[in-house]
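Asker: The structure's right below; bear with me while I get my questions together.
Where a number appears in this text, it was derived from the coordinates with a stated rule and is not lab data. Note that the structure is predicted; figures quoted are calculated from it, not measured. Note that each Cβ is placed from the backbone with ideal geometry, even for glycine, and that neighbours are counted across all protein chains shown.
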Amino acid sequence: MSVKYKRCILKFSGEILKDGDVGDAISFRVIGALCEEIKSLNDAGFELGIVIGGGNIFRGAAAHRSLGCDRVAGDYIGMLATTINSMAIGDCLEKLGVGAVVLSSLPMPDFCEPYYPRRAQKAIGEGTVLLLAGGTGRAFFSTDSAAALRASELCADVVVKATKVDGVYDKDPKKYGDAKKFDRISFQEILARRLSVMDSTAFSLCMDNDIPVIIVDAERDLKNIGRVLRGESLGTTIANY
């Protein structure tokens, strides 16, 4: 097997677990398909840590803006939502025969194990899929930042942000027909252009630790994740060029 990136932090938005814009927050059909693909990657020998957002259940920043919810309280509610999603994925993986463990930044000993970098390093090296829940454990940090932080702590080869867009553009392709897609772009240019792909904290962490970030469309085809891990040129790669 040709492998370019063996150890990967996969970043999903919580919305990937929904089946369209209506219906349950977590679709059994969608989560089943997602876990089948994760199993395929795990069986192929990839070392995987998964960070998933909680936006299918609750968005702290949105609740703060539209409902007047306290920002800190909203962020912690969102962190709990990421734990719900992680537990659902972990349970589905276990039923498929995949070794998986939910490690949370928030102490919840009755539901999942606490996150410790050394414990996580050992588990991922043994082929256990890590569900990295609870964000960073602190308010005002996104799950993008959590993915970058965990990638840095676990010496990941890459962060793959699996989204519903096929890469990074110089402007919104939905609004502008002449929007240009980047196949490769540097962290410095992303930050200078203020392109809203991930937050600046996440990019800075990956830039400082020389961890490339790949933006790829996984909503239309989950197998794109495996393709980029094997080195196919898909989406947009952001690195220290």
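Asker: With n ≥ 4 as the cut-off for DSSP H runs, can you work out [θ] at 222 nm for the chain, using -39500 (n - 2.57) per run divided by the number of residues, rounded to the nearest 500?
Answerer: -11500 deg cm²/dmol
Asker: Mind grabbing the base-10 log of I(q)/I(0) for the range 134-241 at q = 0.13, 0.15 Å⁻¹? Debye formula, identical points on the C-alpha positions, no solvent, two decimal places.
Answerer: The calculated log intensity ratios at q = 0.13, 0.15 Å⁻¹ are -0.46, -0.62.
Asker: Quick one: what do you get for the chain if you divide its Cα Rg by 2.2 N^0.38 Å?
Answerer: Ratio of Rg to 2.2 N^0.38 Å for the chain: 0.96.
Asker: Under the rule of at least 5 residues apart or a separate chain, name every residue whose amide H is placed under 5 Å from the amide H of VAL102.
Answerer: GLU113, LEU131
Asker: Report the net charge of residues surrounding PRO173, where surrounding means a beta-carbon distance below 14 angstrom and charges are Lys +1, Arg +1, Asp -1, Glu -1.
Answerer: +1
Asker: Taking the beta-carbon count within 10 Å as an exposure proxy, list ASP178, ASP172 from fewest neighbours to most.
Answerer: ASP178, ASP172
Asker: Using Cα centres only, tell me the gap between the range 73-112 and the range 162-193 in whole Å.
Answerer: Distance between centres, Cα-based: 31 Å.
Asker: Provide the gained length on full extension for the span LYS164 to PHE140, in nm with one decimal, where the gain is 0.36 nm per separating residue minus the Cα-Cα distance.
Answerer: 6.2 nm
Asker: Please find, in a Gaussian network model of the chain (springs between Cα atoms separated by less than 10 Å), the residue of GLU153, GLU15, GLU126 whose mean-square fluctuation is greatest.
Answerer: Maximum fluctuation in the GNM of the chain, among the listed residues, is at GLU126.
Asker: Let's test this: bin the Cα-Cα distances of the range 1-136 at 10 Å from zero up to the farthest pair and state each bin's percent.
Answerer: Whole-percent P(r) values from 0 Å outward: 13, 41, 33, 11, 2, 0.
Asker: So which of LYS122/LYS223; LYS95/LYS164; LYS6/LYS39 end up more than 20 Å apart, counting from Cα to Cα?
Answerer: LYS122/LYS223; LYS95/LYS164
Asker: Going by C-beta contacts inside 10 Å, put CYS8, CYS206, CYS112, CYS155 in order with the fewest on the left.
Answerer: CYS155, CYS112, CYS8, CYS206
Asker: Every cysteine in the chain with no other Cys Cβ under 4.7 Å from its Cβ, please list them in numeric order.
Answerer: So, CYS8, CYS69, CYS112, CYS155, CYS206.
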